[in-house]
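Below is one structure, written out as structure tokens; comments come after it.
The values are calculated or read from the model by the stated rules, or taken from the named source; none is laboratory data. On a predicted model such as this, the values are computed, not experimentally measured, just so you know. Neighbour counts run over all protein chains shown; Cβ positions are idealised from the backbone, glycine included. Just so you know, the surface numbers come from the protein's heavy atoms only, side chains and all, with ligands and any DNA or RNA stripped out. Shrake-Rupley method; radii C 1.70, N 1.55, O 1.52, S 1.80 Å.
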Amino acid sequence: RGPRLGPNKDDAKEASVLNRIVRWTPEGLEYEADPRQCERLLAECGLEGANSVCTPGVRASAAEVLAEEPLDPKLHTAFRAAAARSNYMSMDRPDAQFACKEICRYMSSPTTGSWNALKRLCRYLVGLPRLIWRYRLQDESEVSVYGDTDWAGCPRTRKSTSGGCILAGTHLSKTW
């Protein structure tokens, strides 16, 4: 049982839940994803201190997908471990969620292109290693749901990807 968060002087102002940090502030709540997951992912891929990029992924063209070669079997386990860590981390990182999903599509048979996508995600995380969600106090009672689909958007499988989010007032509460 953790501490009670709240505005009173006897209430705790910070707590850890599954290594995620929750803070009580005068403006509202803050939620920070487990910062160790990002650090471990960068270490697993050997990209600590690498140059950062501004997007977590780029869409591969059909020609690039056709030119991909199978990844060296010695790297399969390392790729799968790093892809699984990115997938776990994506629950708290909606900015990287789509890129992580695309990387995980290759877990059964990794390719050079999927390895490059994983390295790009890591270079993105070098520039933004921590994400703090701020839930400011609000009087909103409206719930909004947004969704979108790219029909047959994957150039390799022609599968569709759908995604969306749920907002409670101005607070992002769920993404997929």
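Worth a mention:
- Once the chain from residue 148 to residue 50 is taken as fully extended at 0.36 nm per residue, the excess over their C-alpha distance is 32.0 nm.
- Cα-based reach from residue 119 at 28 Å (exclusive), listing lysines while leaving out same-chain residues under 8 positions away: 74, 101, 159, 174
- Positive-end residue of 57, 166, 83, charge dipole of the chain with Cβ unit charges: 83
- Kirkwood analysis of the Cα pair distances in the range 1-86 returns a hydrodynamic radius of 16.9 Å.
- Peptides ranked, highest mean first, by Cβ atoms within 10 Å: ranges 3-12, 102-111: 102-111, 3-12
- Within the range 1-129, percent of DSSP bridges classed antiparallel, to nearest 5: 90 percent
- The residues of the chain expose, per residue, 62 Å² of accessible area to a 1.4 Å probe.
- Which of 112, 132, 153, positive extreme of dipole for the range 106-156 (C-beta unit charges): 112
- Counting protein heavy atoms only, the chain has 55 percent of its accessible area on carbon and sulfur, 1.4 angstrom probe.
- Shape annotation for the range 119-176: C-alpha extents along the principal axes are 46, 31, 10 Å, from largest to smallest.
- Spin-label model, residue 173 to residue 76: label points 7 Å out along the Cα-to-beta-carbon direction sit 4.3 nm apart.
- Size of charge dipole - the chain - debye, nearest 20, with Cβ of Lys, Arg +1 and Asp, Glu -1, no other charges: 400 debye
- Spread over its residues, the convex hull of the C-alpha atoms of the chain is 140 Å³ per residue.
- Equivalent-ellipsoid semi-axes of the range 46-99, from the Cα gyration tensor, Å, largest first: 21, 17, 13
- The range 75-176: mean projected area of Cα convex hull, nm²: 7.4 nm²
- Relative to the current alpha-carbon distance between residue 40 and residue 21, full extension at 0.36 nm per residue lengthens the span by 5.1 nm.
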